[in-house]
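Next up is a structure, given as structure tokens.
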Amino acid sequence: MADRYLSFAGTAPGRFLTHRLGLPQPAELRRDALDGGLLHLTAGRTDLDLAPVLGRTGLGPDDDGRPAAVVLDATGVRDVDALTEVHAALHPVVRSVAVSGRVVVLGAPLDPDDHHQAAVQQALEGFTRSLGKEIGRGRTVNLVRLADAAAAESTLRFLLSPASAYVSGQVIEVGPATDPPAAVPDDPEHPLAGRTALVTGAARGIGAAVAGTLAGQGARVVVLDVPQAEREARGLAERLGGTSLALDITAADAGERIAAAVPGGLDVLIHNAGVTRDRRLVNMPAEHWSSVLDVNLASVLRTTDALLAAGAVNRGGRIVATASIAGLAGNAGQTNYGASKAGIVGMVRSLAPRALREHGVTVNAVAPGFIETKMTAAVPLFIREAGRRMNSLAQGGLPADVAETTAWLAHPASGSVNGQVVRVCGQSLLGA
Ligand SMILES: NC(=O)c1ccc[n+]([C@@H]2O[C@H](COP(=O)([O-])OP(=O)(O)OC[C@H]3O[C@@H](n4cnc5c(N)ncnc54)[C@H](O)[C@@H]3O)[C@@H](O)[C@H]2O)c1
């Protein structure tokens, strides 16, 4: 369903009226290209050699004082005095950042042996989230904690591109370079060329967008959905040049059947299938509880275990599971759903280091907020409006926003991004 308020707020009378009435003033997000150059600032002494990485983002230097993106390297901030430089660097430029522009703050891992460094590096998190809430005009603010500029290249490219339009207020940790270093794709437009990706629940909604984006980046996709959705799944697979697999993911042998369908193994596994059966706990039948837990969590655990044990996820592989802000913040009427999605977060945090060590596979999660899908279009008007506006960008996200975030996590060069839960929620006020 079209967001008519967003379109109206973009007109001259809309801007006047929303301003006078103190209503949310969402800006149309740029999802095609960023409008301007890149401004690179530093706070504290830094050893990070960012120039080569930033040079490959496709953004030229800012030459008109209206940057589309600002990168503040604050990795060298180790005490409160140096924190002053964060203010000094951003205070004069923040107003001039273009509509739907980007601010990316770079921080260092917290030093367990230096509580002053840890204090001020953690301070950057509160700073980033606060600036994200006040900057407005469709602009995003994110913090990346990194140890190595090259290992963070895919992450910086994502955050400094239109692909991250609906990702704001996030703290992303990028680990050290992997050994061997992550493969750099020959063709940057098709980084997934030659790779096989399976997306569960891909016949429609977010899953269909994810399958489309991965195929667009060169992957051979397998569109998995329940037998009742076989026609849609097959149609989409044909359009994307992939294959479909009619399978209820809760089947006890789902992992084995997936492995049999991809004899060369999987390079990308996207756990997207999900269901809701909303009721308050007092009214919730046991069946509502168990069916949601089974689709959203138990089947993810079961198939992941089976596929890893069978060696069916290739080395350098990527697993991305789908959580939700309801799993982070909780939501009335969704104790079953909230539990299942919080379970995904627990799985990712525990499995990620082990899966990387033992199988060379990363495990991350996306946590969508309010995304414009058939599911959210069916929500009653006032609840839908509240869901749409209660985030820093004052609008819902699109399935493409979740798909782009998934594609960054699935990128061959994202091997140092592991165990992360990245919200695609426009910095939702829920659980922020
Ligand atoms: N739409 C949102 O705003 C939103 C917000 C947060 C999280 N999410 C999560 O994102 C994912 C996709 O959501 P969506 O809005 O596209 O939902 P959707 O209902 O449009 O699509 C879900 C797909 O999963 C499939 N599916 C359901 N049970 C299955 C099973 N047992 N085996 C195989 N396939 C199964 C369905 O047939 C459907 O095609 C879900 O995990 C959902 O919980 C969505």
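The values are calculated or read from the model by the stated rules, or taken from the named source; none is laboratory data. Every value quoted in this text rests on a predicted model; they were computed, and no experiment measured them. Here the Cβ is made from the backbone with ideal geometry for all residues, glycine too, and neighbour counts use every protein chain on show.
Every residue in the stretch 9-28 that is in a helix (DSSP H, G or I) and surrounded by 12 or more Cβ atoms within 10 Å (Cβ to Cβ), please.
Answer for the stretch 9-28, where residues must be in a helix (DSSP H, G or I) and surrounded by 12 or more Cβ atoms within 10 Å (Cβ to Cβ): 9, 14, 15, 17, 18.
Of the numbered conditions (1) of a type outside the set (A, V, I, L, M, F, W, C); (2) loosely packed, with under 13 Cβ neighbours inside 10 Å; (3) not assigned by TED's automatic domain parsing to the domain that holds residue 139; (4) not in a helix (DSSP H, G or I), residue 49 satisfies every one except a single condition; which is it?
With (1) of a type outside the set (A, V, I, L, M, F, W, C); (2) loosely packed, with under 13 Cβ neighbours inside 10 Å; (3) not assigned by TED's automatic domain parsing to the domain that holds residue 139; (4) not in a helix (DSSP H, G or I) applied to residue 49, the lone miss is (3).
Within the stretch 323-392, considering only helices (runs of 4 or more DSSP H) that don't extend past its boundaries, which have at least 3 residues that are hydroxyl-bearing (Ser, Thr, Tyr) and surrounded by 18 or more Cβ atoms within 10 Å (Cβ to Cβ)?
So the answer is 335-359.
Would it be correct to say that residue 6 is assigned to a loop (DSSP other than H, G, I, E, B) and not assigned by TED's automatic domain parsing to the domain that holds residue 131?
It is false that residue 6 is assigned to a loop (DSSP other than H, G, I, E, B) and not assigned by TED's automatic domain parsing to the domain that holds residue 131.
With the structure loaded, tell me whether residue 201 is near the ligand (Cβ under 8 Å from one of its atoms) and touching a helix residue (DSSP H, G or I) at 6+ places or on another chain (Cβ under 6 Å) or whether it fails that test.
Taking the combined requirement at face value, the residue satisfies it.
Here's something else I'd like to know. Go over the candidates 300, 275, 282 one by one and state the one that is farther than 27 Å from residue 407 by Cβ and out of contact with any Pro (no Cβ under 9 Å at 6 or more places or on another chain).
282
Return the only residue of 78, 31 being surrounded by fewer than 19 Cβ atoms within 10 Å (Cβ to Cβ), in a loop (DSSP other than H, G, I, E, B) and basic (Lys, Arg).
Matching residue, one of 78, 31: 31.
Contact list please: Cβ distance under 6 Å, first residue in the stretch 322-350 and farther than 18 Å from residue 422 by Cβ and assigned by TED's automatic domain parsing to the domain that holds residue 365, second residue at pLDDT below 95 and charged (D, E, K, R), pairs at least six apart or on different chains.
Taking only residues 6 or more apart or on different chains, the pairs are 333/278; 334/278.
Does residue 121 satisfy being in contact with a Lys or Arg (Cβ under 6 Å, 6 or more places away or on another chain) and either surrounded by fewer than 21 Cβ atoms within 10 Å (Cβ to Cβ) or at pLDDT 95 or above (or both)?
Against the criterion (in contact with a Lys or Arg (Cβ under 6 Å, 6 or more places away or on another chain) and either surrounded by fewer than 21 Cβ atoms within 10 Å (Cβ to Cβ) or at pLDDT 95 or above (or both)), residue 121 does not qualify.
Checking residue 344 against (1) out of contact with any strand residue (DSSP E or B) (no Cβ under 6 Å at 6 or more places or on another chain); (2) within 15 Å of the ligand (Cβ to nearest atom); (3) under 18 Å from residue 200 (Cβ atoms): exactly one of these is not met. Which one?
Exception for residue 344: condition (1).
Answer yes if at least one residue in the stretch 134-151 is part of a loop (DSSP other than H, G, I, E, B), closer than 17 Å to residue 43 by Cβ and assigned by TED's automatic domain parsing to the domain that holds residue 41, and no otherwise.
So far as the stretch 134-151 goes, yes, one or more of its residues are part of a loop (DSSP other than H, G, I, E, B), closer than 17 Å to residue 43 by Cβ and assigned by TED's automatic domain parsing to the domain that holds residue 41.
Quick check: is even one residue across the stretch 250-270 in contact with a His (Cβ under 6 Å, 6 or more places away or on another chain), modelled with pLDDT of 95 or more, closer than 18 Å to residue 201 by Cα and within 13 Å of the ligand (Cβ to nearest atom)?
no
Separate question: Scan the stretch 175-189 and give yes if some residue there is surrounded by 21 or more Cβ atoms within 10 Å (Cβ to Cβ), out of contact with any strand residue (DSSP E or B) (no Cβ under 8 Å at 6 or more places or on another chain) and either aliphatic (A, V, I, L, M) or under 21 Å from residue 271 (Cα atoms) (or both), otherwise no.
No, that holds for no residue.
Something else: Pick out the one residue from 255, 264, 207 that is crowded, with 17+ Cβ neighbours inside 10 Å, touching a strand residue (DSSP E or B) at 6+ places or on another chain (Cβ under 7 Å) and not aliphatic (A, V, I, L, M).
One residue alone meets the criteria, 207.
I'd like the full set of residues that are outside the structural domain of residue 122 (by TED's automatic domain parsing), closer than 25 Å to residue 26 by Cα and not aliphatic (A, V, I, L, M), limited to the stretch 159-215.
Residue satisfying the conditions is 205 alone.
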